[in-house]
Amino acid sequence: MSALGFKMLLRKRGVSLSILAVALPVAIIASMNSITNYIDLQAQILAGIVSPAGTYLILNSSSKALTDSKLDVELACRLSGLSYVKYVYPQKMFTANLTTRIGSCKVYVRGVGDVAGFLKMRGAYVNGTAARSWMEVNIGEILAETLSISLGDEVCLAVGGRQLRARVVGIFRSRVQSDVELLALMEAANMLTGGNDTVSFIEFSLREDVNRSEALSRIMQQLPGNVKLIQTQQLGEFMRQMNMQTASLLNVLSLAVYAVVAVSSYIISVRLIVDSSYEIAMLKALGAGRKLVFTLVATYTATIALIGSIFGVALGIVGVQVASTILRWIQPSIDITPFLKVEQATQIILLTLTSSILGCIIPALKSMRTRYMEQQL
């Protein structure tokens, strides 16, 4: 009798709309998880990027970022003469509009006096050679992959009204933040920014055999009052914190979506009981007990939730893939590949089932003692 009653309920109108009501919230969860997985994968790659140990930066005290800091280049010469300083690299950091054969975007450009020496100091592997003139540049491996730039490609850099055409003579992998930047000689950087007597910051490192606290104290005494000294931080911990915050936000949003699924299941159950009161009363007349009515309502809702969750997961994955493909057509430099893990899809389906069952319990319990059904008997 339970099988007969279940078939009767499934033949009622509105089954497809009920499935869709569950599928749409599930699709939102699936798409959010897919995008988050891609972001998390990129974060893991960036988390492998480390800063050189014992490296310090001198910046303008009023600067909010490396790109808006300005220092007198003579300050680097003063540091170079100190015996306890291992190396000094004045650098100019700025953003430029990079135009390639497939499009354009904003990138960070780092200007240094000696590209080969800078890459060697970073312990970088270079595919090609280091830039030796203002018409040549090197590009970090991560940035090159993102923008589909190959060795030998010609790029155009623009800052305001100034433009510079250069050829990519080397792609480097240093496992530091430079891998997401474009590296050029200071001469090229000055041509683009129009400033020859200033740098953005000065990077230096102390010798291993000196007392760091004492050496830093001496350096601070020689620095002018409008500068600040900071130590570079590890990127891995920062990215892990960002991942934790993203996961927390996703969990909160997921709870809200599952609450919507529970409410939808409640409405579906109530509507089922109201629309199927005659069929339920007939089953009662044929000898069906109250527990059977409860089971039928719960099974119907769980079936709707199962079909809706599977359809919603598929809809979410396909939808976000289509959106990323369209975005890639519009902007070729953007390459987003969302993906959903098997265990995540299983978890979404199970949580959707749980939410739906919780949502239908109250209407199912009420259906066991409906006066209308008793009157029909």
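Tell me the residue from Val293, Val313, Val297, Val320 that is surrounded by 19 or more Cβ atoms within 10 Å (Cβ to Cβ), assigned by TED's automatic domain parsing to the domain that holds Tyr266 and within 30 Å of Ala144 (Cα to Cα), please.
Val320
Looking for something small (Gly, Ala, Ser), touching a residue at least 24 places away in the same chain (Cβ under 8 Å) and out of contact with any helix residue (DSSP H, G or I) (no Cβ under 9 Å at 6 or more places or on another chain) - is there at least one such residue anywhere in segment 154-173?
No: segment 154-173 contains no residue that is small (Gly, Ala, Ser), touching a residue at least 24 places away in the same chain (Cβ under 8 Å) and out of contact with any helix residue (DSSP H, G or I) (no Cβ under 9 Å at 6 or more places or on another chain).
Just a yes or no: is a residue in segment 166-189 at pLDDT 90 or above, over 22 Å from Leu75 (Cβ atoms) and in a loop (DSSP other than H, G, I, E, B)?
Yes, segment 166-189 has at least one match.
Name the pairs whose Cβ atoms lie under 7 Å apart, with the first residue in segment 114-131 and closer than 19 Å to Lys86 by Cβ, the second assigned to a helix (DSSP H, G or I) and not β-branched (Val, Ile, Thr), and 6 or more positions between them or separate chains?
If the second residue must be assigned to a helix (DSSP H, G or I) and not β-branched (Val, Ile, Thr), the pairs left are Arg122/Ser178.
Please state which of the following conditions Arg13 fails to meet, knowing it meets all the rest: (1) at pLDDT below 60; (2) not in a helix (DSSP H, G or I).
Arg13 satisfies all of (1) at pLDDT below 60; (2) not in a helix (DSSP H, G or I) except (1).
In the list Ser133, Ser148, Ser178, which residue meets the criterion of being touching a Lys or Arg at 6+ places or on another chain (Cβ under 8 Å), assigned by TED's automatic domain parsing to the domain that holds Val85 and under 24 Å from Ser104 (Cβ atoms)?
Ser178
With the requirement that a residue be under 17 Å from Arg78 (Cβ atoms) and either basic (Lys, Arg) or surrounded by 14 or more Cβ atoms within 10 Å (Cβ to Cβ) (or both), what does segment 208-229 give you?
Ala215, Leu216, Arg218, Ile219, Leu223, Val227, Lys228, Leu229 - these are the residues of segment 208-229 that are under 17 Å from Arg78 (Cβ atoms) and either basic (Lys, Arg) or surrounded by 14 or more Cβ atoms within 10 Å (Cβ to Cβ) (or both).
Looking only at segment 75-94, decide whether some residue is β-branched (Val, Ile, Thr), outside any loop (DSSP other than H, G, I, E, B) and at pLDDT 90 or above.
Within segment 75-94, none of the residues are β-branched (Val, Ile, Thr), outside any loop (DSSP other than H, G, I, E, B) and at pLDDT 90 or above.
From the residues in segment 29-74 that are in a helix (DSSP H, G or I) and among the charged types (D, E, K, R), which one is modelled with the lowest pLDDT?
Asp40
Of the residues Ile317, Ile304, Ile357, which is assigned to a helix (DSSP H, G or I), in contact with a helix residue (DSSP H, G or I) (Cβ under 8 Å, 6 or more places away or on another chain) and at pLDDT 90 or above?
Ile317
The values are calculated or read from the model by the stated rules, or taken from the named source; none is laboratory data. Given the structure is predicted, the values throughout are model-derived calculations rather than measurements. Note: ideal-geometry Cβ built from the backbone for every residue, glycine included; neighbour counts use all protein chains shown.
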